[in-house]
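The values are calculated or read from the model by the stated rules, or taken from the named source; none is laboratory data. On a predicted model such as this, the values are computed, not experimentally measured, just so you know. Cβ placement follows ideal geometry from the backbone for every residue including glycine, while neighbour counts extend to all protein chains displayed.
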Amino acid sequence: MLGNLFIRSERDLDFETFSKQIFALLRVSTSEMRDSENAPGGRYVYGAALGLRVVLTEADDSDFPEFDFLLSFRPETDWATIDRHSLDGLADIVAKYLAQTGLRIARPLDFGKAGTRRVEYGK
């Protein structure tokens, strides 16, 4: 699976403030905030590092209603040649790192599949 992390901040932050905080924690420069009818909340922020596109949106998943944001990692190369499980380890490392900063994280084990199991990190 490609890397996906649901995030909940104990502080009530708006999307723009949270996006600045999370990208700063990850030391990823953001390219821009974009409006999108397809993104929950109508917008997303993205940046790139290590050949990955890093995208933050508001979360809108019935299996993860207690989480506010979704952080996704996607290869910037041809997806057809990528092992679909290649980013699980990276997502696990990033989740543990973010949990140390006081965030609650859930990593779905089968993203997009209803009723998927998860690994939780943090409080």
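Take residue 53 and decide whether it is basic (Lys, Arg) and in a loop (DSSP other than H, G, I, E, B).
On the way: basic (Lys, Arg): yes; in a loop (DSSP other than H, G, I, E, B): no.
No; evaluated as a whole, the condition is false for this residue.
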Original post:
Tell me, which residue of the range 8-28 that is in a helix (DSSP H, G or I) and not hydrophobic (A, V, I, L, M, F, W, C) is nearest to the chain's Cα centre (by Cα)?
Top reply: 19
Original post:
Give me the pairs: first residue in the range 61-88 and part of a loop (DSSP other than H, G, I, E, B), second residue of a type in the set (S, T, N, Q) and modelled with pLDDT under 85, beta-carbon distance under 7 Å, and six or more apart or on different chains, which are they?
Top reply: 63/116; 68/9
Original post:
Taking residue 89, is it exposed (fewer than 14 other Cβ atoms within 10 Å of the Cβ) and in contact with a Ser or Thr (Cβ under 7 Å, 6 or more places away or on another chain)?
Top reply: no
Original post:
Out of (1) within 15 Å of the chain's Cα centre (by Cα); (2) polar (S, T, N, Q); (3) assigned to a strand (DSSP E or B), the odd one out for residue 31 is which?
Top reply: (1)
**OP:** Within the range 87-118, track down each residue that is among the β-branched types (Val, Ile, Thr) and under 14 Å from the mean Cα position of the chain (by Cα).
**Re:** 93, 94, 105
Original post:
Could you list, in sequence order, the residues of the range 93-123 that are assigned to a loop (DSSP other than H, G, I, E, B) and basic (Lys, Arg)?
Top reply: 113, 117, 123
Original post:
For residue 83, all conditions in the list (1) surrounded by fewer than 16 Cβ atoms within 10 Å (Cβ to Cβ); (2) modelled with pLDDT of 85 or more hold save one; what is the number of the exception?
Top reply: (2)
**OP:** Please find, within the range 1-46, the residue that is modelled with the highest pLDDT out of those that are among the hydroxyl-bearing types (Ser, Thr, Tyr), crowded, with 19+ Cβ neighbours inside 10 Å and within 18 Å of residue 75 (Cα to Cα).
**Re:** 46
